Amino acid sequence: MAWFFGKKQQEPELVEPPLQFVRPGAPIPQLNPFLYVHARMIVLNALAARADVVRVTFTGQKAQVQYQIDGVYHNREVLAGQTGAGIVAIYKLFAGFDLKKRVPQQEGAFEIHHLQNRIPCRVEDKLVKGAEILSLYLDTGKPRPQKLTEMGLDEERAEQLKAAMEEPGVVLVTAPPHLGYSTVFNAVVRLIDRYMRDVVMVQSVHDREEEVENAAPTTFDPDKGETPATVIPELLLRYPNVICVRKVADKETMALLLEQPEKERLVVTGLLARDDTEALYRAMALCDEPQKLLSQLKAVVGHRVLRKLCEQCKHPYPPPPQLLQQLGIPQGKIRAFFKPGPPRLPPEEIERMQKEGIPIVCPQCQGIGYLGQTGLFELLMFNDQVRQLFQRPTQDLDAVRQALRKLGHRTPLDEGILLAAKGITSIQEVSRVLKV
Ligand SMILES: [Zn+2]
């Protein structure tokens, strides 16, 4: 296929980036060499910036390129209309899309060969309010955390949860959409001794989750009107000790799950929500007998992902009294919070950079101020006092949260302030993640 967009671009020379796109089994399409170099440079820069996703939002007049780094999108270059269209078309062509079709959503994949690495790249294209959003998901093989303690939960609480899961009952997992729900769900399942106990896992055929060793998934197909309840009866014939349902969204499944603790089984399930309190009320709304759920609950595990401050360029500052007041922290309790600042570089290095016109940014985080991620856990262990709080239906979830706090329960905000006081993250990041 001939592939050319208008006249050649006014670019002085073509430097081949050390990176190729490959669609296994498909011939290499004929491409405008300038656009192809540009399309690859965008991905090369994304990899250098530790990005997991490249997103191009194309509106016809222009295309905005963004990189997702540690879960946050950062604006990068803006491409003029024709260049943007050409580059988007190159990604789509390698992903095997039909360029003539304008369907609401297409998915495909290709490989990126970069030096010695082969990086699988999933491509998703959708139309949102007249804009075309193309996302390249770069699977660079970054190890995902496996254990709750690697995700920010302290040993003591991890042990507490593990002990509770040795008995029959229900454990609910929750996280906001797209933010590491499956990683935390898997880590909770990993607390179970899967060699001593028979663990079954139920998930949708559309779930692309990493598998937990010794908990092979059984799938149901929502497109055929199936739910977890479609496959659970057959799984029960195996007399499992633990039933894990990745997400519970219907009453029939919930009812079936609530029968299991009476048969000495543990149930691990969950749903997407902002925090434990919201998750619990949502789960109760799926029950004909919410009391049954309350009586069987062992714990609710809530998780939020946040970015860690870059060690190289974080700086302490005394917390403004007004902020402390706002957060409900007594004066003098916290000596310092931390925030990103200028990089700590030797003066001669700064002088050299100034002379050579190099922007003075932190080499460690490339000026973002954050590097890597950790988690905020909200672990709600159930006892009679906690159960009591959820007895009556309510619209005022904040009142329930306050009551939990009085019982000594640490809310996500309390956890966030603790991390900020330790200098692991900034109070700005806590407020971004918790929207407070
Ligand atoms: Zn830095």
Fill in the blank from the handout: Considering the range 342-364, residues that are closer than 12 Å to LYS314 by Cα and out of contact with any Cys (no Cβ under 6 Å at 6 or more places or on another chain), and then whichever is modelled with the highest pLDDT, we arrive at PRO342
Exercise for the section: Give just the number: which of (1) in contact with a helix residue (DSSP H, G or I) (Cβ under 8 Å, 6 or more places away or on another chain); (2) within 16 Å of the ligand (Cβ to nearest atom); (3) of a type outside the set (Phe, Trp, Tyr) does THR394 not satisfy? Expected result: (2)
Practice task
Could you tell me which residue of the range 39-76 is nearest to GLU429 (Cα to Cα), considering only residues that are hydroxyl-bearing (Ser, Thr, Tyr) and buried (at least 16 other Cβ atoms within 10 Å of the Cβ)?
Solution key: TYR67
Completion exercise
Taking the range 77-102 and the residues there that are out of contact with any Lys or Arg (no Cβ under 9 Å at 6 or more places or on another chain) and either acidic (Asp, Glu) or loosely packed, with under 12 Cβ neighbours inside 10 Å (or both), the one that is nearest to ASP139 (Cα to Cα) would be GLU77
Handout entry: Given (1) part of a strand (DSSP E or B); (2) crowded, with 20+ Cβ neighbours inside 10 Å, index of the condition VAL212 fails
Key = (1)
Problem - Condition met for ASP384 (under 25 Å from LEU153 (Cα atoms) and more than 16 Å from the ligand (Cβ to nearest atom)) - result: yes
Practice task
Test ILE424 against the stated conditions and say whether it is closer than 26 Å to PHE185 by Cα and within 16 Å of the ligand (Cβ to nearest atom).
Solution key: yes
Exercise for the section: Check every one of the strands (runs of 3 or more DSSP E) wholly within the range 252-341 and list those with 1 or more residues that are within 16 Å of the ligand (Cβ to nearest atom). Expected result: 297-309, 314-317, 337-340
Fill in the blank from the handout: Per the list (1) at negative phi; (2) in a loop (DSSP other than H, G, I, E, B); (3) within 16 Å of the ligand (Cβ to nearest atom), residue check on GLN366 breaks on (1)
Fill in the blank from the handout: Every listed condition ((1) more than 23 Å from the chain's Cα centre (by Cα); (2) near the ligand (Cβ under 9 Å from one of its atoms); (3) surrounded by 16 or more Cβ atoms within 10 Å (Cβ to Cβ)) holds for LEU371 save (1)
Fill in the blank from the handout: The number of residues in the range 15-49 that are in a loop (DSSP other than H, G, I, E, B) and touching a residue at least 24 places away in the same chain (Cβ under 8 Å) is 10
Completion exercise
Just one listed residue, out of PRO318, PRO330, is without any contact (Cβ under 8 Å) to a residue 24 or more places away in the chain, closer than 20 Å to LYS422 by Cα and in contact with a strand residue (DSSP E or B) (Cβ under 9 Å, 6 or more places away or on another chain), and it is PRO318
Exercise for the section: With the condition kept exactly as written, say whether any residue in the range 234-243 is modelled with pLDDT under 95, among the acidic types (Asp, Glu) and part of a helix (DSSP H, G or I). Expected result: no
Handout entry: Condition check for ARG344: charged (D, E, K, R) and within 16 Å of the ligand (Cβ to nearest atom)
Key = yes
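The values are calculated or read from the model by the stated rules, or taken from the named source; none is laboratory data. It should be emphasised that the depicted structure is a prediction, and the values quoted were computed from it without experimental measurement. FYI the Cβ positions are ideal-geometry reconstructions off the backbone, even for glycines, and counts take in every protein chain you see.
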